[in-house]
Structure formats: structure tokens, C-alpha cells
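The values are calculated or read from the model by the stated rules, or taken from the named source; none is laboratory data. Computed from a predicted model, the values in this text were never measured in an experiment. Every residue, glycine as well, gets a Cβ built from its backbone with ideal geometry; the counts of neighbours run over all protein chains shown. We work out accessible area using only protein heavy atoms, side chains counted, and drop any ligands, DNA or RNA first. Shrake-Rupley method; radii C 1.70, N 1.55, O 1.52, S 1.80 Å.
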2 protein chains.
Amino acid sequence: MEKEKIPYKIYLEESEMPTAWYNVRADMKKKPAPLLNPGTGKPLTAAELSHVFCDELVAQELNDTDRYIPIPQEIRDFYKMYRPSPLVRAYCLEQKMGTPAKIYYKFEGNNTSGSHKLNSAIAQAYYAKKQGLVGVTTETGAGQWGTALSMACSYFGLDCKVYMVKVSYEQKPFRREVMRTYGASVTPSPSMETEVGRRINKEFPGTNGSLGCAISEAVEAATTREGYRYVLGSVLSQVLLHQSVIGLETKAALDKYGIKPDVIIGCAGGGSNLGGLISPFMGEKLRGEADYRFVAVEPASCPSLTRGRYVYDFCDTGKVCPLAKMYTLGSGFMPSPNHAGGLRYHGMSSILSELYDEGLMEAVSVGQTDVFAAAEYFARVEGILPAPESAHAIKVAMDEAEKCRLTGEEKTIVFGLTGTGYFDMVAYQKFHDGQMTDYVPTDEEIAKSLASAPQI
Amino acid sequence: MEKEKIPYKIYLEESEMPTAWYNVRADMKKKPAPLLNPGTGKPLTAAELSHVFCDELVAQELNDTDRYIPIPQEIRDFYKMYRPSPLVRAYCLEQKMGTPAKIYYKFEGNNTSGSHKLNSAIAQAYYAKKQGLVGVTTETGAGQWGTALSMACSYFGLDCKVYMVKVSYEQKPFRREVMRTYGASVTPSPSMETEVGRRINKEFPGTNGSLGCAISEAVEAATTREGYRYVLGSVLSQVLLHQSVIGLETKAALDKYGIKPDVIIGCAGGGSNLGGLISPFMGEKLRGEADYRFVAVEPASCPSLTRGRYVYDFCDTGKVCPLAKMYTLGSGFMPSPNHAGGLRYHGMSSILSELYDEGLMEAVSVGQTDVFAAAEYFARVEGILPAPESAHAIKVAMDEAEKCRLTGEEKTIVFGLTGTGYFDMVAYQKFHDGQMTDYVPTDEEIAKSLASAPQI
């Protein structure tokens, strides 16, 4: 039986772990559009970016030609504390669903940050340390990125200042405590500590905050302090580069057993997990060596790819950040308060936006009660309690598997299980109590929010 | 370099996983004392026990002669969803401490129940299902066992009724929601649902509940319903048997690299993790094939081994359960309310009690602020946020490593990292805020509580 041949969990040896990140931009014929200076409308130079980001990260951000970028030994050593992550064959899910599909998921939740975010956090902290910085600033929403960065900074002895979206700060005190365990300082955003925070608080009294607004604060805090830089957990091309470790391991594990996926599915907020997971496979597709279907799954309440516009927009609410060309809902867009979990950013990685625009990737949006139903189903058969974010991918993977059940096709489905849901039990409770609701923004709301995007 | 030879994480192949549990009682010259019927004072028969426990589990409970008991294929398949668990070389901890000691930990937290408890939960659920039962009842304190049992019951389609110590039910609503995600019903204990619950509520109005009291309720609920049996997550010999999978994997991983530990350390509440971890090594010691030091670590606030008495006592507060000969603080003992986390049972596994009494194992107690300091130190260097329970073992492993630093000895230290602390952030917060206190019961308190133990 095949079951004998393919284990439940495919682990690579440490010696088989990637030694270089894969830079998908090198294989893209049409490169993602450059970041623009909002003042001049011209592409940002390395010198300009280096006020905000570490020098090496600026170089990575601008590098769209080198296919591979070596992973420094110090980062590889850290990776070994929680990587390689398992590629799991979902035998129990397949059996329960009665599907002939072969389902695999790459599980990134087996580390204390609870998600894939640590893959980039440790890289960014390393380059900050190497540059001799005192510390870094960042924002966090649901808290996965902030937790990951706190862990990474603690490892390298860097100061870590996290602006946490106010509503999450209040609703997720335990996330905050994990960050404190790792020595980070956590400030609810918008705060009165920064100029932009004070301005937003004045303009929108009693606001719950948003990711875009916390980004503005973190950038201001980094650029007005000696020895600090700003770091970001998604959206940027450098982050997708670091997250390519997910896809490289996935591909190595599949290759080991001669498995070729038909479809690769990932949830998409800013795009770091999806981009990292699909990159090496997309590279093959771009080079004409293989073909795959790629599916980005986003929440119906924050549908940047499926309902946004592909234009230049601000990366943050306070409009202090560069302009990025991306699928966007407008930098002022805020998902409805009933939206649980992450995947709440108004835009999408420039790389993924370009690939989607060229028709190389599909996108679909799903409602949150369906997502939680899939999450619970999955938890009961596969044992893992998924993060709401990850459950978006589960939902669509199960939909694909159900199609296979109906048609009898034995497709191979791979999806990214980005993290665990331990800190999302308030949302699970709402779901159990039948109090979870769905929200889909109207066309008018999106149009209104998009009107603020600069028309470039 | 040795670092090149021994990976950060030693994973066994699925084919190297144990196919039989190891029963340490078979190698004990003096067997643990039998469970007694509290009415007659005579050893309980299989027939008597089978009113409370599943038949196969009764057989395992009474079996002190078979060295190996095969693990049914269905359980081995489930194990493959989250096992083998990694044996981690704590390179970062060693380096940070500057110790020549070689530190390994067996990490059991990489599953959604967050602890080793799942190893026995799935076995007990399997035998209940095999016997054609409708469901099982149990108690839970900190919630790890209840979560594990909920997952196991959901896998086999069994009804699962959990009595959760009232104070934990109120303080840990998220634990409760995880159990609900897996379909369990969770009742705060003492409840008004059972006779014993009503009696305890009447006798101690406003009580916060205790493990011993929740056990009484769960046993009553099982024995008064058709098609139900009671299951327990620690203390019993059958549980130590199932948990031997921890020790067997640890030993196989060490053997693979020719490593012989000098000292093996585990936290001890009821003793399931420690017993499981040390069993195969203890077997070698009992058979005269090798020698090891074993150290049980218990909280200073609930010090059954270090300050209890080795006598027959009730396993529960309501005195409806059998009598077990064990190190006990008295069945009415309740740790001070400022005690965080688990390890709050008044007694200790009969197997471990006997081994300790014969001088084959050491025991030490530690204060909780020291434990949380060790937990935070460990989290920052090794990346894993430990459960407070597990941090007891970390504390003593670090103490041993520190001794090596002072003497220059290159000892090999192995400890059990039983689980993660995601649901213990209230306690971490207290620690961060400097509000955590230590409590050590007085001799008078222990003597008073012990006075209730039957003097057999």
C-alpha cells in the first residue's frame, strides 16, 4: 500500500535543509513594480530606504535578479531549533472525507510564535544585529508577527518595540504576555507616543486601531530614534524571500517521494506565507519546467485580490510609508470588527499581485463561519487546532478534495498550515455559541476606501 | 566537532517507533502495592475494577509481570499524527549557560493538547471504543488531560464528559473552548450534577474545587450511567505504561548516537510523565545492566514525595475511589491558591512511590518563582514557551548544568519537557509583574491533612 511508503509526516534531515533562499523575482519576466517615494513619485533608492530598513534588507528588497541568496549560518542554526517543519500527509482527513485526493500540508505552527512568521523575524533580527543596531520597531495585529519578532530579538539581544493594534492588545492579553516573556515592550496603537499616533487619535477618537495605523507609528518610532530600524512581517519582497524556506522544504520533501502536486493552496493576508510556499514551484512554472495551479485564499471581509484594484497605494494608514503597486482596498480600509484573526491588511505583496495580474495564480475569498467550520472539522480529524488564518487554506483544500470525491480524481493537494489557534479561542467560542457572523464589504465601501489611493 | 554529529533535534523514523509499551513493574523485585477496596481493605479484583475502568485497562492495571505490552495498530496510527516527538539537544541553552554539560530534552508539546497526556488518552479512548462503550468521564485541573482526552474521544467518536476543577474552569476559559472544539462537554466541579458534588458543595460552600473532588464526581458519573467508564490521566500504573512511549523513544534516539545519560529529570505531579520517561532506563538499572540517576521534581507547594508519607490513602477527596499505597499529603490536601499550573495532586503513582522508597530515585522540590525564572530563561534561549509544570524539570536540569559549569564535568543531562505554556499566561503575567508569590505548606498543615488518611 502507498500508506506504507509515505509516512504521516515527512521530515527532512537537518543536512537537507535549504542553505539559500529562493528569490522568485529572478525568474519573473515582468518584475514587480518598484516602491515609490510618495513625495517625488520616483522609485525609492537604497539610500532612501536605508533610513527605514537595515542595509542588507534594503539590498534584498531591491534585488530582483539573483535567483538564490545564501542563508547566513547563524540563521540556519536558529532555523534548526524548530525546522525543518513537517510536511504532513493528511491520511485521517482523506479517510474521513472519503476523497481519493492526496492531501499534504506544510505545518509551520510547531514553534512558540505559533506560525511561519519566525522564518523572516530571525532573518531581519540577524541583519539588524549585524549592522550594530540597538533595536527594531514593528507593528502587530493578531500578534503572530510580534511574538515571532520578540523571540528573534531576544535570541540576538536586540531591543524590540511592538505597536499592537489596540483592539488586539485589549482582546489578546496573553499574546502580549508571550511577547513580554521574550522581553519586548508592547504599546497599544494608536498611542500618544508618536506624532502620527496622536494625529490619528485626534482624528478618530476612540478608534480601535488598524495594522496600517500601527505601521505608521512603528516607522516613525524607528526613524526618530538613534540605532533603530523598522521591520515588517509580510508584504515586502524581502519577507517573501525569507519565507521561501517553506516552499523549498516542501518541494524537497515532495521530491524525496517523487510526488508532484496538482494544486498548491495558501491563505493570503499580506502574502508572506503563500508567497514563500509557492515560490519554488512558481519558479518552475515561470521557467516552463512544470505546471501547477496556485490558489490564494483570502477572507471575504478583506478581499484585496478578488475585489481590490491593482494600483499604487500607501502601505500604511498614516501615509508615511512608501507607495507600493499592489492589489489594494485602499490604505484606509478596515475590516469589519466581527472579522476574527489576521489576514486584515488592505493590500497584497507586490510579487503576488503581479503574478495574479498575469494570470499565473488564482484567488478566492471565503466567509468566516465556513472557515471556522472547516477549522473544527480539521482539528477533530487531524488533531491540530489551526489558526483562523490557516483555516482559510484548509477550507479551500477541503473544497478541492470534495470535488475529487465527486469526480473520482486522485489529485495531489498541498496547502500551507501556517499556525496554531491557541490565542484565538474567543473566536472559536463565538463559533461554538452560534454568535459568529459573516461580513462582506459592499462595493460602495470598497470604492470609497479606494478613492484615497493616489491615482498613479 | 560533536555539533556536526548530533543534530539539534533527533527524530526517529516512523518505522523506529515503539511497537510495544514497556511495563517497568515486570522488572521490579518488590512490586507496587495493590489497590485496595476501601470497604473491605482487600486488594481489588478485576471484576470490581471493571465497574469503573474498561476491561483491557483493568488487565493492564493489574499486570505486573509482562515486560512488554503490544501497542495496537490503531493507536500506533494515531501516534504517527504527532509522534515520534523530537529529542532536542539544547545547544543554545548550554552555550548561554557556559556549561560543559550536554543537555537533551524530550519535547512532548508539539500536539494540540500541548502535552504528553495524549499518549495515554488515545490508548484509553481506544480500549473504551473497542469495548463498545458510549463514552468516558474524567476530571481535569489545569486542562491538559481534559484537552488530550477530548481529542482522543473525538477521533474515535466517543462521548467525553469532563469535570473541570472550578477555579480552572473560570480562570482558563480558553482551555474549555479547546475541549469544546473537540466536542467534549465540560462541567465545573464541584457541580450540582452528582451526589458527591452536591455533598462537597454543601460541606464547603463557595469551594474552588480540587482534582481529588473532580475525580469523585467523574467516577460517580461513570458508574451511574449505562455505557460509560472513568478514565484517569496520571497516577495509575496503566497510565505510566502508556507513557513509556516517551522513554522508549528517548532511549532509541540516544542509542542511535551512542549517548548514555548520567541523570534523567522529570517533573512529577501524579507521575505519568516522569514514570514514562524513566521507565526503560529504570528497567536497565533494575536488571543491573546500567546505572543512572533519576530525579523527580515537584512543587514546594505540593511536595508529596519530599514531605508526604508512604501509606495507603484515598485517590480522591470524596473517598469513593480505591485506596492506593503512595507518597501522599492526605486526600484532602489542596495546594495554596497562589500555586500556578498543574502538579497539584495530593499523591504520587504507586510505581514511583515504591521506586523512591527503595532509594532508586531522588526527589527535590522547587519554589514557583524560581520555576518561572527558569521558564523565562529557557524560553528566551531555546525558543519554546514551557508549561509551568515542565519548567520544574528545566529548573533542576539547569541547576545540574550549573554544577557542571563549576566543576567542569561534562555530564549528560536528559529532561522531559512535557508541554507548552500557551494557556498559562496569567501566571506568566503575575511573574512579569512581580506579583508571583511562593508558598510552602507548614508541617502542621501537612500533618493535619494526613490525619485523614486511613492508617493501613
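Can you name the number of the only condition in (1) out of contact with any Pro (no Cβ under 7 Å at 6 or more places or on another chain); (2) under 29 Å from residue A:103 (Cα atoms); (3) open to solvent by 30 Å² or more (accessible area, probe 1.4 Å) that residue A:251 fails?
(1)
Given the criterion under 22 Å from residue B:125 (Cα atoms) and open to solvent by 70 Å² or more (accessible area, probe 1.4 Å), identify the matching residue among B:49, B:62, B:57.
Exactly one residue qualifies, and that residue is B:62.
In the range A:84-110, how many are among the charged types (D, E, K, R) and crowded, with 24+ Cβ neighbours inside 10 Å?
So the first thing to find is which residues in the range A:84-110 are among the charged types (D, E, K, R), and the list is A:89, A:94, A:96, A:102, A:106, A:108.
Imposing the further condition that a residue be crowded, with 24+ Cβ neighbours inside 10 Å reduces the set to A:106, A:108.
Total satisfying the criteria: 2.
Using the structure shown, decide if residue A:144 is among the polar types (S, T, N, Q), more than 12 Å from chain B (Cβ to nearest Cβ) and touching a strand residue (DSSP E or B) at 6+ places or on another chain (Cβ under 7 Å).
Values: among the polar types (S, T, N, Q): yes; more than 12 Å from chain B (Cβ to nearest Cβ): yes; touching a strand residue (DSSP E or B) at 6+ places or on another chain (Cβ under 7 Å): yes.
The answer is yes for residue A:144.
Taking the options B:222, B:214, name whichever one is open to solvent by less than 10 Å² (accessible area, probe 1.4 Å), assigned to a helix (DSSP H, G or I) and under 22 Å from residue B:332 (Cβ atoms).
Only one candidate passes the filter, namely B:214.
Looking at (1) touching a Pro at 6+ places or on another chain (Cβ under 7 Å); (2) surrounded by fewer than 24 Cβ atoms within 10 Å (Cβ to Cβ), find the lone condition where residue B:245 falls short.
Result: residue B:245 fails condition (2) only.
Go through the range A:343-386 and give me each residue that's open to solvent by less than 10 Å² (accessible area, probe 1.4 Å) and of a type in the set (Val, Ile, Thr).
A:351, A:371
Output yes when any residue across the range B:185-205 is surrounded by fewer than 21 Cβ atoms within 10 Å (Cβ to Cβ), under 27 Å from residue B:112 (Cβ atoms) and within 14 Å of another protein chain (Cβ to nearest Cβ), and no when none is.
yes
In the range B:258-289, which residues are part of a loop (DSSP other than H, G, I, E, B) and touching a Lys or Arg at 6+ places or on another chain (Cβ under 7 Å)?
Here is the first cut: in the range B:258-289, the ones part of a loop (DSSP other than H, G, I, E, B) are B:258-262, B:268-271, B:287-289.
Residues satisfying the conditions are B:262, B:269.
If you scan the range A:170-188, which residues turn out to be modelled with pLDDT under 95, within 16 Å of residue A:211 (Cβ to Cβ) and in contact with a strand residue (DSSP E or B) (Cβ under 9 Å, 6 or more places away or on another chain)?
A:170, A:172, A:175
Considering every residue within the range B:418-441, establish whether at least one is in contact with a strand residue (DSSP E or B) (Cβ under 8 Å, 6 or more places away or on another chain), away from chain A (no Cβ under 14 Å) and within 25 Å of residue B:96 (Cβ to Cβ).
The answer is yes; a qualifying residue exists.
When residues of the range B:21-52 are filtered for being among the hydrophobic types (A, V, I, L, M, F, W, C) and under 20 Å from the mean Cα position of the chain (by Cα), how many remain?
At the first step, the residues of the range B:21-52 found to be among the hydrophobic types (A, V, I, L, M, F, W, C) are B:21, B:24, B:26, B:28, B:33, B:35-36, B:44, B:46-47, B:49, B:52.
Subsequent filtering for residues that are under 20 Å from the mean Cα position of the chain (by Cα) retains B:21, B:24, B:33, B:35.
Of the residues in that region, 4 qualify.
Does residue A:411 count as among the basic types (Lys, Arg) and within 14 Å of another protein chain (Cβ to nearest Cβ)?
Details: among the basic types (Lys, Arg): yes; within 14 Å of another protein chain (Cβ to nearest Cβ): no.
No; evaluated as a whole, the condition is false for this residue.
Having 1 or more residues that are closer than 23 Å to residue B:83 by Cα and within 14 Å of another protein chain (Cβ to nearest Cβ) is the bar; report the helices (runs of 4 or more DSSP H) wholly within the range A:41-121 that clear it. Reasoning before the result, please.
Values: elements: A:46-49, A:55-62, A:73-82, A:91-97.
Per the criteria, A:73-82, A:91-97.
Among (1) of a type outside the set (Gly, Ala, Ser); (2) touching a residue at least 40 places away in the same chain (Cβ under 8 Å); (3) open to solvent by less than 10 Å² (accessible area, probe 1.4 Å); (4) more than 14 Å from residue B:239 (Cβ to Cβ), where does residue B:130 come up short?
It fails just one condition, (3).
For the range A:413-423, does any single residue satisfy the condition of being open to solvent by 10 Å² or more (accessible area, probe 1.4 Å), over 23 Å from residue A:234 (Cα atoms), touching a residue at least 60 places away in the same chain (Cβ under 8 Å) and not aromatic (Phe, Trp, Tyr)?
Checking the range A:413-423: not a single residue is open to solvent by 10 Å² or more (accessible area, probe 1.4 Å), over 23 Å from residue A:234 (Cα atoms), touching a residue at least 60 places away in the same chain (Cβ under 8 Å) and not aromatic (Phe, Trp, Tyr).
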